[in-house]
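Following: one structure in structure tokens, then a few remarks.
Bear in mind that the values in this text are calculations on the coordinates, not laboratory data. The model shown is predicted, which means the values in this text are computed figures rather than measured ones. Neighbour counts run over all protein chains shown; Cβ positions are idealised from the backbone, glycine included.
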Amino acid sequence: MVQILRRISLSQWILVAMVAGVLLGLFLPQVSLHLNPLSSTIFMRLIKSLIAPLLFATLVVGIAGHCEDLRQMGRLAIRAFVYFEVATTVALFIGLGAVNLTRPGVGIDTTRANAEQAQVFAGKQASVDTFLEHVFPASVVEAAAKNEVLQLVIWAVIFAIALVQTPEKYRLPILEFLEALAQVMFKFTGLVMLYAPIAIGAAIAFTVAKSGPEILGNLALLVLTLYGALVVFCLVVLLPVMVIFRVPVAGFWQVIREPALLAFSSASSEAALPKAMQNLEAFGVPRRIVAFVLPTGYSFNLDGSTLYLAVASIFCFQAAGVHLAFTDQLLMMLMLMLTSKGVAAVPRASLVILSGTLVSFGAYLEGKGALRPDQLTVALAAVGTILGVDAFMDMARTSINLVGNCLATVVMARWEGEFQQDNISPSPSAESLTPSH
């Protein structure tokens, strides 16, 4: 019996836990409402505790240990940001097309929703100046404590550049220590992942018990529109990118399967980051590329979240009975493209960006006479309606964020001519996906 259980992979345990969580939430909702600490408290705290040391160690070793030509780092950054911008722009337009095709907001009842919730979210939206200030840490200790991934990346890159310029007798001991730290943190990640099925089952049970299946039925068209648009994005963007850059589909699926399931079931990109870094390095992507591109993409390449914002923003205006001209929709997409950067650093970030965009763009529409104040109130109330099914949509957009960033990391390795797939089997098993150095 023990041998049979050992043969079950982590991804299979996660699937079993998800099914068990749904059943528990449906049939024992009172019990399920008390299970959230098993996921959001224990599991997420363990995950957050390992991100800072793992990210810092791998990124510094990747740059200072294998990249003495700093021009390579600059070239990688430029290529990554070009790719990020193209991918997120296409995601916005796919979301725009989907929501105009299905029109899920038409006829939605927002009378029981509270527009004040959206006003609170809108008040949390950061300006461009605030975002730029937020990128650079005042204290690396504070950034690590708060898991500010982008701040950690910036600080680690600067530290690594300084380390490259340091004499070898001082540089080598630090590199050896950080290499040892990275290896320990990979083992730490493996231990934490053993608890993942329990945490995920508890999270699913809590979500189902709290929201109930009926809330999904009320806004089914909106949820289906998002899921359908995400599938289209995978088929018309991610799959062609894999073909163009010769990324082996079967091998890539083996690499992202467990991290994507973690991201979907926990609705947290953070939960999947350590496992994704580990698997991508084992897949043949150099450490310096994994450690730079993947965390940076968490702030600048959120394909699922940007697509969701396009769908949700038009949905809210549809609920208010506002018909937006195509030029107005394009203008709002441009606003979303700019304001969605750094979205991952803010709690309930997508709703914050959505509410802030509705307020800002609503003021613009009022100024040109295309929107009445009462319609803006209804549009903001629609955000409160979305809250009811946001957990279900968050699971999908988070997993696509993760998959898109993993693919971007492999693409950058291929673009740099450093993808070591020739040394890796085409379809690595879950057991083989452990870093080798």
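If packing is taken as the average number of other Cβ atoms within 10 Å across a peptide's residues, how do 245-252, 409-416 rank, most packed first? Intermediate results must be reported in sequence, preceding the final value.
Values: 245-252: 16.0, 409-416: 22.9.
In decreasing order of mean packing, 245-252, 409-416 become 409-416, 245-252.
Exceedance of the 31 Å cut-off in Cα-Cα distance is limited, within the set Lys210/Lys275; Lys146/Lys187; Lys146/Lys368; Lys210/Lys368; Lys146/Lys210, to Lys146/Lys368; Lys210/Lys368.
Could you please report the charge total around Ile204, scoring K, R as +1 and D, E as -1 over all other residues with beta-carbon less than 13 angstrom from its beta-carbon?
Computed value for this residue: 0.
In terms of packing, defined here as the mean over residues of other Cβ atoms within 10 angstrom, the peptides 378-384, 327-333, 402-408 line up highest first as 402-408, 378-384, 327-333. Taking the fewest neighbouring Cβ atoms within 10 Å as the starting point, the ordered list for Ile42, Ile78, Ile353 is Ile78, Ile42, Ile353.
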